[in-house]
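Here the structure comes first, spelled out in structure tokens, and everything after it is commentary.
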Amino acid sequence: MRIGPYSLPNNLVVAPMAGVTDRPFRVLCRRLGAGYAVSEMVASNPRLFDTGKSRLRTDHAGEPAPVAVQIAGADPALMAEAARYNVARGAQIIDINMGCPAKKVCNAAAGSALLANEPLVAAIAAAVVRAVDVPVTLKIRTGPHPGARNAVAIARIAESAGIQALTVHGRTRACAFVGAVEYDTIAAVKRAVSIPVIANGDVGAPEVAQAVLAHTGADAVMIGRAAQGRPWIFRETLHYLATGTHLPPPTVAEARALIVEHLADHYAFYGEAAGVRTARKHLGWYTEALAGGDAFRRAMCAAQTTDDQLAVVGRYFDVLAARFHRLPYDPSRYRAPGQFALGTALRAHHGDCSTHTTNGQWDGEALAA
Ligand SMILES: Cc1cc2nc3c(=O)[nH]c(=O)nc-3n(C[C@H](O)[C@H](O)[C@H](O)COP(=O)(O)O)c2cc1C
């Protein structure tokens, strides 16, 4: 798949997730097979450019090309300025967020709330495309609510405005993270435009990626929550797409080495205190589906320094290595959307999003953190 001048090495994308896909995690996912990564969203309000969080979100040192930065906001002029600001700091692709249901974003009529205002979508897309000489992409949901799935109209507007790729999360804004993803609208979007389309939502296993690619005709799939604590899902999925067979889980020794390297990069990025605090969620996810994970997480909460945290990780993996060669995952405890059965994943969902809540759901708290 191509985005402007960039030819991506494969069709697997790690989703932008505020509070999760920071630079260390994006680099790790790329290393483990993701062909493309998009940054956590950066606010378009210039008063927020100089906060500590924004500074970290605009630090792309060592990140493999193309560096894609997502911007969020509802004012075309401010979005254009944010795009220029981020291109000046290394962004090679600008992604516009119209997919976020979080109150913090939607109350400002940004994120997925914009989908209800097609003229404003057109104005934002055109302003950002005019502002920068790098490719601009757009991430949307299927519409504002199940009664108004206007993703096809939005996709046509985006293409006319010069947007060069489109990601579609197969839920409406009103659905938040509730209910099964609906892939038919993504397929309709793919048929309606000639720019690349990336299908997103509940891709939690290699078979699901393959089925979603086949069902939607999309150029790529984007994986979000299933990569939390399982960044090797990208190489597992690549292997499955190429061979139809499953890679075994990583060995305990390899997982330990990857996690320790992730921690080193994470601590260097955030510093000691913030590094320890923000590493806890990743460590929780890494061990969520593993034996002894509960005791590990209790010990992790008591660890107050990077050295303490590394020592707890070391003890946990010593015990695991004494018993197992490969990570002994309990599949029922995967940190993943849960729809592993293909029938469920591809079930068209035309209801009112009230069937069930997926795990790992996002209420926007990560933005406020
Ligand atoms: C913790 C979290 C943070 C997220 N932050 C963003 C964000 O900053 N920008 C965005 O466009 N989507 C964001 N999303 C939505 C994801 O990019 C993705 O569309 C969604 O999780 C569905 O994919 P999945 O089922 O593979 O997780 C976030 C999701 C989660 C769980």
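The values are calculated or read from the model by the stated rules, or taken from the named source; none is laboratory data. Remember, predicted model here, so these are calculated numbers, not experimental data. Note: ideal-geometry Cβ built from the backbone for every residue, glycine included; neighbour counts use all protein chains shown.
Candidates K190, K139: the one that is more than 16 Å from the ligand (Cβ to nearest atom) and crowded, with 18+ Cβ neighbours inside 10 Å is K190. Within region 217-238, residues that are near the ligand (Cβ under 8 Å from one of its atoms) reach partners that are hydroxyl-bearing (S, T, Y) and not in a helix (DSSP H, G or I) with beta carbons closer than 8 Å, at six or more positions or on different chains, in the pairs M222/T167; R225/T358; A226/Y334. Does any residue of region 144-163 turn out to be within 16 Å of the chain's Cα centre (by Cα) and either within 20 Å of A122 (Cα to Cα) or in a loop (DSSP other than H, G, I, E, B) (or both)? No, because not a single residue in region 144-163 is within 16 Å of the chain's Cα centre (by Cα) and either within 20 Å of A122 (Cα to Cα) or in a loop (DSSP other than H, G, I, E, B) (or both).
Looking for something touching a Leu at 6+ places or on another chain (Cβ under 6 Å) and of a type in the set (V, I, T) - is there at least one such residue anywhere in region 196-204? Scanning region 196-204 turns up at least one residue that is touching a Leu at 6+ places or on another chain (Cβ under 6 Å) and of a type in the set (V, I, T).
Of everything in region 193-206, what is within 12 Å of the ligand (Cβ to nearest atom) and touching a strand residue (DSSP E or B) at 6+ places or on another chain (Cβ under 6 Å)? Give them in sequence order. Answer for region 193-206, where residues must be within 12 Å of the ligand (Cβ to nearest atom) and touching a strand residue (DSSP E or B) at 6+ places or on another chain (Cβ under 6 Å): I198, A199, N200, G201, V203. Restricting region 42-78 to residues that are assigned to a helix (DSSP H, G or I) and either free of Cβ contacts under 8 Å to residues at least 24 places away in the same chain or within 16 Å of the ligand (Cβ to nearest atom) (or both), the residue that is farthest from A257 (Cα to Cα) is R47.
Scanning region 19-41 for residues that are more than 14 Å from the ligand (Cβ to nearest atom) and either modelled with pLDDT under 95 or touching a Lys or Arg at 6+ places or on another chain (Cβ under 7 Å) (or both) yields L32, G33.
Among the residues of region 119-161, those that are under 26 Å from V67 (Cβ atoms), among the small types (G, A, S) and in contact with a strand residue (DSSP E or B) (Cβ under 8 Å, 6 or more places away or on another chain) comprise A125, A155, A158. Residue count for region 153-190, restricted to those that are within 28 Å of V132 (Cα to Cα) and hydrophobic (A, V, I, L, M, F, W, C): 12.
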